[in-house]
Amino acid sequence: MKLTECYSRLNGDYTGVLSRLMKESLVSRFLIMFLKDTQFNEFHSSLKDQNWENAFRNIHTLKGTSLNLGLTQLANAASTITELLRSGSPSGDLAAPVELLDKEYRHTIETIEEYSADPEI
């Protein structure tokens, strides 16, 4: 799969990430490295434990990483939760936003895994 096709499937901001990282090879390398990122799983662990401070930190980091990589849909889903946790405890119901985050994360990971199996720049 071509890198541009990967970003197209993700509705990502390929132009933006390329302008930040300057080389397609770097975009590819950092995108594949995202598969090893632990923030999503740590967010869910913190959420389960109702450790709102850690949950906020994890989801905020995931949002930032997603924005830097041009993973717009995932960043948007994380941003909604970030705002709900900004005050220290949930300021609203987290169920629907977390469900959307999970859906976007799965789609993102599956697409990047498919890309990483046969990456083309």
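The values are calculated or read from the model by the stated rules, or taken from the named source; none is laboratory data. Since the structure is predicted, the reported quantities are computational estimates derived from the model, not experimental observations. Every residue, glycine as well, gets a Cβ built from its backbone with ideal geometry; the counts of neighbours run over all protein chains shown.
Just a yes or no: is a residue in segment 111-120 touching a strand residue (DSSP E or B) at 6+ places or on another chain (Cβ under 6 Å) and not β-branched (V, I, T)? Yes, segment 111-120 contains at least one residue that is touching a strand residue (DSSP E or B) at 6+ places or on another chain (Cβ under 6 Å) and not β-branched (V, I, T). Counting residues in segment 57-65 that are closer than 15 Å to I112 by Cα and modelled with pLDDT of 95 or more gives one or more.
Looking only at residues that are touching a residue at least 24 places away in the same chain (Cβ under 8 Å) and out of contact with any Cys (no Cβ under 9 Å at 6 or more places or on another chain) in segment 104-113, which one is surrounded by the most Cβ atoms within 10 Å (Cβ to Cβ)? For segment 104-113, the residue satisfying everything is T108.
For segment 21-102, the helices (runs of 4 or more DSSP H) that sit wholly inside it and include 3 or more residues that are within 14 Å of the chain's Cα centre (by Cα), surrounded by fewer than 18 Cβ atoms within 10 Å (Cβ to Cβ) and among the hydrophobic types (A, V, I, L, M, F, W, C) are 24-33.
Here is a yes/no grid of residues against (1) touching a Leu at 6+ places or on another chain (Cβ under 7 Å); (2) among the hydrophobic types (A, V, I, L, M, F, W, C); (3) modelled with pLDDT of 95 or more:
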| site | (1), (2), (3) |
| --- | --- |
| T4 | no, no, yes |
| F30 | yes, yes, yes |
| M33 | no, yes, yes |
| K36 | no, no, yes |
| W52 | yes, yes, yes |
| L67 | no, yes, yes |
| L71 | yes, yes, yes |
| A78 | yes, yes, yes |
| I81 | yes, yes, yes |
